[in-house]
1. Would region A:110-122 turn up any residue that is in contact with a strand residue (DSSP E or B) (Cβ under 9 Å, 6 or more places away or on another chain), away from chain B (no Cβ under 11 Å), among the polar types (S, T, N, Q) and in a loop (DSSP other than H, G, I, E, B)?
2. Please work out which one of (1) at pLDDT 95 or above; (2) within 22 Å of residue B:193 (Cα to Cα); (3) more than 7 Å from chain B (Cβ to nearest Cβ) is the condition residue A:173 fails and give its number.
3. For region B:54-84, give me each residue that is out of contact with any helix residue (DSSP H, G or I) (no Cβ under 6 Å at 6 or more places or on another chain) and either aromatic (Phe, Trp, Tyr) or not assigned by TED's automatic domain parsing to the domain that holds residue B:97 (or both).
4. Identify all residues within region A:202-227 that are surrounded by fewer than 18 Cβ atoms within 10 Å (Cβ to Cβ) and modelled with pLDDT under 90; write none if there are none.
5. Against the conditions (1) in contact with a helix residue (DSSP H, G or I) (Cβ under 7 Å, 6 or more places away or on another chain); (2) within 22 Å of residue A:158 (Cβ to Cβ); (3) more than 7 Å from chain A (Cβ to nearest Cβ), where does residue B:226 fall short? Just the number, please.
6. Considering region A:229-248 alone, what residues qualify as being in contact with a Pro (Cβ under 6 Å, 6 or more places away or on another chain) and either among the aromatic types (Phe, Trp, Tyr) or within 7 Å of chain B (Cβ to nearest Cβ) (or both)?
7. Which of the residues spanning region B:1-54 are out of contact with any strand residue (DSSP E or B) (no Cβ under 8 Å at 6 or more places or on another chain) and part of a loop (DSSP other than H, G, I, E, B)?
8. Restricting to region B:84-96, give me the number of residues that are within 21 Å of residue B:18 (Cβ to Cβ) and either without any contact (Cβ under 8 Å) to a residue 40 or more places away in the chain or of a type in the set (S, T, N, Q) (or both).
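The values are calculated or read from the model by the stated rules, or taken from the named source; none is laboratory data. Just so you know, these numbers come straight off a predicted model, no measurement behind them. Cβ sites come from the backbone with ideal geometry, for glycine too, and all protein chains shown count toward neighbours.
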2 protein chains.
Amino acid sequence: MSFNNQFQNGIVILGAGNVATHLSIALKNAGLEIKCVYSKTIEAAKKLALKVDSHYANDIEHIPVEADLYIIAVKDEIIEEIVKHIKLKYGIIIHTAGSISIDVFKERFENYGVFYPLQTFSKNREIDFSVVPICLEASNKILENKLFDLAKRLSRNVSIVDSDKRKKLHLAAVFACNFTNHMYSVATEILKDTDLSFEFLKPLIDETAQKAIDSDPGLAQTGPAVRNDQNVIQEHLEMLKDYPEFEKIYKFVSESIYKLNKKKN
Amino acid sequence: MSFNNQFQNGIVILGAGNVATHLSIALKNAGLEIKCVYSKTIEAAKKLALKVDSHYANDIEHIPVEADLYIIAVKDEIIEEIVKHIKLKYGIIIHTAGSISIDVFKERFENYGVFYPLQTFSKNREIDFSVVPICLEASNKILENKLFDLAKRLSRNVSIVDSDKRKKLHLAAVFACNFTNHMYSVATEILKDTDLSFEFLKPLIDETAQKAIDSDPGLAQTGPAVRNDQNVIQEHLEMLKDYPEFEKIYKFVSESIYKLNKKKN
């Protein structure tokens, strides 16, 4: 049986946000048929449906019941609600969330799984899906193989990762992506007091990331915290006194840098 | 007068660490003569001196007094000591530190300045100096022009930045580089509990940095904190209970993400 025949009755995408958008486009580009895009917001459903030549729905009752694959790519807190109300005849149902256990499906379904693309998606940025790590989990081995074949059509980087490990990976990703991005944001806020542009920091941000990618982070820590240079640290804390949140972050991150480095050396 | 003639009596580099190494090499590549490398550690002085065809010294008394330019590129806490003891006849003296005021020179010298390359340097990584922002400050206008010409030989990105602004830039850089790198390190530590490799996070780290470089950070914040998704946040804090420092960072960074985003929207 050829690959496409496995999903000849098409795919339903639940959600029209960043992950749903990028994943739908990647699936379509890989030759899969998106049968329907569902979103509570009809405009969002329509917009994504247009991009992937699909029908769309904003009422869960109007989702076709005979598709082969249902992909839930919505905010974590809405997944349970969708799982409770969706109707399907024989299809596979999966979600794309880092933090939600595969067990969310077990009461209502037999063939279910998780398809977690570990990347930060923005609607207006293109993503090279072929290098995005995809972490899979499935309710049985046959389905695992099926999802693996599907994922391999999108990415060279596919792994089987169970729910506990996936949650740790998601937690690590929160530090590596969301918290890192916040460090950039704080830097921007600090520069607002001056006429210096964020442009100044771009070569530094790029090199810091490339250094971690090329070797291992933490080994190459620099700056006042790792040297425990209290003159600079105290002056920085004083400069942050009008930003109590940033001051706290500065203090605790500096302490943590120093302690982690001491533990390593 | 040609550019090289301005520094025909050569340059003395004080320090043999990351900044001293990259800066010396960039200066030599730009056609300048490094006359002497000074470091308290004779091996370090010798090693760098070999790279830039220079003499070396580990006793401050042995540094030539008739060079045209003295560049102090040592740890912040040693700058004052060097400023106190160095002897020079007519040369210019500058330091490369983000956090040290230009005033450190004013009691002993007339022609002094700051030459701050805003980048994270590691000895074993090549740096494209032509894109490194160089922030200059000088004790007088003639010297400012001289340093500007010199800096322009190394980088396309040269600005005049006074000590107050430079200190804010350095503080912003601590967040954008050192703290960001620590977020990567924490992610590595979290993955140590699993058999998952840090490789998983590399496409994410790259994309997070490129997103900030291509647009503005903070606008594009994603993840549980910005949504104030307490289910995920509480589960993550629970997962971090064996790492009290990381737990504190998670809590305060999450709060700060939420507050900063609310302020913006």
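1. So far as region A:110-122 goes, yes, one or more of its residues are in contact with a strand residue (DSSP E or B) (Cβ under 9 Å, 6 or more places away or on another chain), away from chain B (no Cβ under 11 Å), among the polar types (S, T, N, Q) and in a loop (DSSP other than H, G, I, E, B).
2. Every listed condition holds for residue A:173 apart from (3).
3. Scanning region B:54-84 gives a single hit, B:70.
4. Scanning region A:202-227 gives A:215, A:216, A:219, A:227.
5. Checking residue B:226 against (1) in contact with a helix residue (DSSP H, G or I) (Cβ under 7 Å, 6 or more places away or on another chain); (2) within 22 Å of residue A:158 (Cβ to Cβ); (3) more than 7 Å from chain A (Cβ to nearest Cβ), the one that fails is (2).
6. In the first step, residues of region A:229-248 are kept if they are in contact with a Pro (Cβ under 6 Å, 6 or more places away or on another chain); the result is A:232-233.
Within region A:229-248, just A:232 meets the criteria.
7. Within region B:1-54, B:1, B:2, B:8, B:17, B:30, B:31, B:40, B:41 qualify.
8. Of the residues in that region, 3 qualify.
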